[in-house]
Amino acid sequence: MDGNGHADHGETSPSSPQAPPAAPRFLLPSEIADAPGAEGWRSMYPYFTRFQPEDDNRFWFYNSMHFPEPMPAFDTITAEVPYSAIGANTARVFVFPTTLGIEHRIVNGRVYITAIPVTDPEEIARRAQIFNERAGYYFENWDTLYQGWKTRIKGLIDEITAVTVPELPDIDDASVVTESLGVAQNHYVRENFHRCIDLFSKMWHHHTEFLMLGYGAYVVFFQFCKQAFPEISDQAVARMVAGIDVIMYRPDDELRNLARVAVKAGVDDLFTEGCSPPEVLAALADRGEGGRQWLAAFEQAREPWFNVSTGDGFYHHHRSWSDDLTVPFAALPRYVAQVRDGLLADRPTEALRTERDRIAAEYRDLLGTEEERAAFDQMLGLCRVVFPYVEDHKFYCEHWFTTQFFNTIREFGALLARFGVLDDAEDVFQLHHTEVDQALSDVMLAWAAGGPPLGAAHFRPIVAERKRILAALRDWSPPPALGPVPEALNDPAVHMLWGVTQQTIEAWLRPDEGEIRGCGASSGIVEGPARVLTDVNQIGEIRDGEILVCPVTAPSWAPVFGKIKAAVSDIGGSMSHAAIVAREYGMPAVVGTGDATKRIRTGQRVRVDGDRGTVQVIG
Amino acid sequence: MTARFVRGLAEVGAADRTWAGGKAAALGELARAGIPVPRGYVVTVAAFGLVMDTIDPSGAIRGAIGGLPPDDLAALARAAAGLRARITAAPLPPEVAAEITLAYQQLDTAVAVRSSATMEDSAEASFAGLQDTYLAVHGAGDVLDRVRSCWASLFNDESVSYRRRQGIGEGGLAMGVVVQRMVSPRAAGVMFTRSPVTGDRSVVAIEGTWGLGSALVAGEVTPDSFTVSKVTGEITGRRVSAKLRAHSFLPNGDGIAAQPMPTALRRASCLTDDEARALAAVGRRVEEHYGVPQDIEWALLGDSPGCPALHAEPADRIVLLQSRPETVWAARDRAPIATPKPRASDHVLVRFRKAL
């Protein structure tokens, strides 16, 4: 097995020199050896995430888009809960005719997934009837339902934000008696923890409520365009659909505004390349009225717009801007300089809208018949109806809600640390949520009984061992896919959400050493030095003119797009964040390369071709 | 004095095929539409007619050729060669020679002398390539000779046998001749205002090579190719080939030189992205002018192959050498990709019923 995890039988099988080389294939799940030094990884994950012997018969691919790092035990909830929700949505609620849900497995800390299809024609027909009624209802009432969705999801955000962690003081509050509440605080330790998990689950059910229908509308329009215009680029299709007032630009817009306020209030001198957020904030407090003005504007922008995760909401350590000001403060100096030079413009929303409509009108005109134009109008119209959800749901779900969720879990971690079960609040994320449940029971009992909890001896060694295992798992190169190569891979969800197509699989099977291939998501060609970021916390290292190479980008990365010349990601399709933001900034982007972060090193000169979707290391 | 036998290209339009020939009509039409073409003039069909009236006053020679059996290639070749010899040997009527000479002197440079048959380049009959073109012609005397060579090329062996196979009579044939300033392009080639591979009308497909396009037309080089979106200007396809040689025009020398390309330039793209986009924009204007997809020959003026682009904008360095309707995809019909449905969402519901 080489670094990409390909099983090359041509090298190992005793074939004669004349025999054609064996077709390349992927490893089977059962053929994967434990990563060296990480042999105990299974203890971190529930039994229902393990590969089974019969899983060797199916095709799996590494979901590096959502899970680009090895999974800490707690963070597996970001796989368990979403797959529980999306499968329920497609298989049981909307009853998609040809697809059930998505199964996931964890091996060496990495999440692999596969979709379960429906193949029996009679079953497809039975499901289609139910699907038509239910999906039809959502499409026909989309705007109203989506408004209701926003209200519900904001309600969930309020609820998760309101969840408190009992302090468990020596003597409980008097109100338990004076208001005859009758229930002691330790009860609420578990109730409130369960509440967090339950709200997280509900949030994900709502997250997937419109997801497949929204993407479905896009896929249908996309495929129509590809048929009518075989050489149209993915990004041209996306540009006809893309919204203009998209929430995910808002955090970046807020930063631009803060840069303007800094200049206006005369405190712009504090925002210099490499500045330290705490030092700047401290200095502002001493800058009189100007400093007060900026800090007031800052607090206003911060809630809710700084609730963007530096990742994509799937790892506890991808902190939000609000929790870790490094990212916004890395972008501010550049914006401040642009304000000073009179170069910082607002997003030209009118021009963008005009351009979007021009592109759509011109493609429409190029269609052959009036019938096709009428169908085009219907499909594009539907896409524009569903797109506010497609583009905005991530801010509410993965960013705003999830930031609050992880922070509340962190407070439970602080409780466990205070009672000595854990060394540190952050260690709570080394436990699966069912294990946290046990540890909290231990604390509840100990507080009630008056003795010490027994968890210190039990959990502290487990946490230490898991940290060691996670570090070892980081060095393992996950194969992009496992199992038999599928004859055809046309699943729209897999294509749209993960950028995985038949071509991707081909590229995974036959990696070209000199050229890295992906999806050309934003056009143009540039060369420059690479900056490989495998961890979002390194975001402050990016310098002007570099080419960003990263596993996956999220909306919160947008500000660094002002510094870089091009973006390359391991994962992503033409609708991924990196793609959308790169088009917005008019810079080349190649997404869904699979392994660019492993094949490129920081400082190497690379050439990014956003038209062809290739990246070459040139020096 | 009004010339009878020579007209400036700017005076010619698409409707003038019968007296100017197809190529002149197309070039004149481009010039009228504001598309740059090299300056030049057309020797009208009337001059050809005058000459043929002296060589074959009753049309008997041409009639005899028209009566030969299509499969008797030897007889066809013999008869055609005889007629060609008469055309090239016949002295030009003095008024024709005078007008051509005067017009040439006004161009004051080396020229390309190009056949412009009345049937050539029509969308219906693809005569393209069967008549001669002469590049880098110097001096009035040579121009007069090449004009006669063009006339004679109407009776090339291939042309004659093609017409016999197609059952096209010899009687109504006529030819104009285009005389244009010779260009010395940095790169040249062809473009289609739809994809020749997929028929996609939203893109312009460009092929180009260093120097004159003749190297490409003659199949001596594998050209660079570009696919440019008409709508967004994106370059959705790009293939840079090893262009081992280039044809270049030597203004002070003798005609066209086929030279090996310096190694460093072989694999260099003959067009920048901006140039490709500018070409596509010109192609699109021509298509809009005619209303149907076009097959275009282009040249990009500038220094010699491989030298940096001139400072002028790419759009100001483009000249077109020919444009004709695209014929391959125009002839194909296809079923509509989709038709409207009662509700927009039906498109999605139907799609999900099939395995995607």
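The values are calculated or read from the model by the stated rules, or taken from the named source; none is laboratory data. A quick note: this is a predicted structure, and the numbers were derived from the prediction, not measured. In this analysis, Cβ positions are derived from the backbone assuming ideal geometry, glycine residues included, and neighbour counts consider all displayed protein chains.
The table below lists the values:
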quantity	calculated
Unmet criterion (only one of (1) within 29 Å of B:VAL203 (Cα to Cα); (2) under 30 Å from the mean Cα position of the chain (by Cα); (3) among the small types (Gly, Ala, Ser)) for A:GLY368	(2)
Candidate set: region B:191-250, residues that are touching a Cys at 6+ places or on another chain (Cβ under 7 Å) and closer than 24 Å to A:GLY613 by Cβ; chosen: the one nearest to the other protein chains (Cβ to nearest Cβ)	B:ASP224
Selected residue (only one of A:ASN132, A:ASN108 is of a type outside the set (Gly, Ala, Ser), touching a helix residue (DSSP H, G or I) at 6+ places or on another chain (Cβ under 9 Å) and more than 14 Å from every other protein chain (Cβ to nearest Cβ))	A:ASN108
Region A:365-412, residues that are of a type in the set (D, E, K, R) and either in contact with a Leu (Cβ under 8 Å, 6 or more places away or on another chain) or not in a helix (DSSP H, G or I) (or both)	A:ARG373
Answer from B:ARG353, B:ARG284 - the residue that is within 14 Å of chain A (Cβ to nearest Cβ) and at pLDDT below 90	B:ARG353
Counted residues, region B:56-85 - those being over 17 Å from B:ASN156 (Cα atoms) and part of a helix (DSSP H, G or I)	1
Exclusive hit being in contact with a strand residue (DSSP E or B) (Cβ under 8 Å, 6 or more places away or on another chain) and surrounded by fewer than 17 Cβ atoms within 10 Å (Cβ to Cβ), set B:LEU73, B:LEU27, B:LEU9, B:LEU102	B:LEU102
Residue in region B:206-216 that is in the same structural domain as B:PRO325 (by TED's automatic domain parsing) and free of Cβ contacts under 8 Å to residues at least 40 places away in the same chain present	yes
Residue list for region A:536-583, filter: touching an Asp or Glu at 6+ places or on another chain (Cβ under 6 Å) and modelled with pLDDT of 85 or more	A:ILE564
Residue within region A:139-159 that is free of Cβ contacts under 8 Å to residues at least 60 places away in the same chain, at the interface with another protein chain (Cβ under 10 Å from one of its Cβ atoms) and more than 26 Å from A:PHE74 (Cα to Cα) present	yes
Test: residue in region A:241-260 that is assigned by TED's automatic domain parsing to the domain that holds A:THR326 and without any contact (Cβ under 8 Å) to a residue 60 or more places away in the chain	yes
Test: residue in region A:218-227 that is within 13 Å of another protein chain (Cβ to nearest Cβ), within 21 Å of the chain's Cα centre (by Cα) and under 25 Å from B:ASP346 (Cβ atoms)	yes
Subset of region A:247-305 (residues that are within 34 Å of the chain's Cα centre (by Cα), in a helix (DSSP H, G or I) and of a type in the set (D, E, K, R))	A:ARG250, A:ASP252, A:ASP253, A:GLU254, A:ARG256, A:ARG260, A:ASP268, A:GLU279, A:GLU299, A:ARG302, A:GLU303
Meets criteria (surrounded by fewer than 22 Cβ atoms within 10 Å (Cβ to Cβ), modelled with pLDDT under 95 and either assigned to a helix (DSSP H, G or I) or of a type outside the set (Lys, Arg) (or both)) for A:SER180	yes
Qualifying positions in region A:111-129 - touching a strand residue (DSSP E or B) at 6+ places or on another chain (Cβ under 8 Å) and within 14 Å of chain B (Cβ to nearest Cβ)	A:ALA115, A:ILE116, A:PRO117, A:VAL118
Hits in region B:86-101 (condition: without any contact (Cβ under 8 Å) to a residue 24 or more places away in the chain, in contact with a helix residue (DSSP H, G or I) (Cβ under 9 Å, 6 or more places away or on another chain) and in a helix (DSSP H, G or I))	B:ALA89
Test: A:VAL608 is crowded, with 24+ Cβ neighbours inside 10 Å, away from chain B (no Cβ under 14 Å), at pLDDT 80 or above and not in a loop (DSSP other than H, G, I, E, B)	no
Condition check for A:THR164: more than 14 Å from every other protein chain (Cβ to nearest Cβ), under 24 Å from A:VAL81 (Cα atoms) and assigned to a loop (DSSP other than H, G, I, E, B)	yes
Checklist (1) out of contact with any helix residue (DSSP H, G or I) (no Cβ under 6 Å at 6 or more places or on another chain); (2) at pLDDT 95 or above; (3) not in a strand (DSSP E or B) applied to A:LEU156, failing item	(1)
Residue within region B:257-264 that is surrounded by fewer than 16 Cβ atoms within 10 Å (Cβ to Cβ), in a loop (DSSP other than H, G, I, E, B), out of contact with any Ser or Thr (no Cβ under 7 Å at 6 or more places or on another chain) and more than 14 Å from chain A (Cβ to nearest Cβ) present	yes
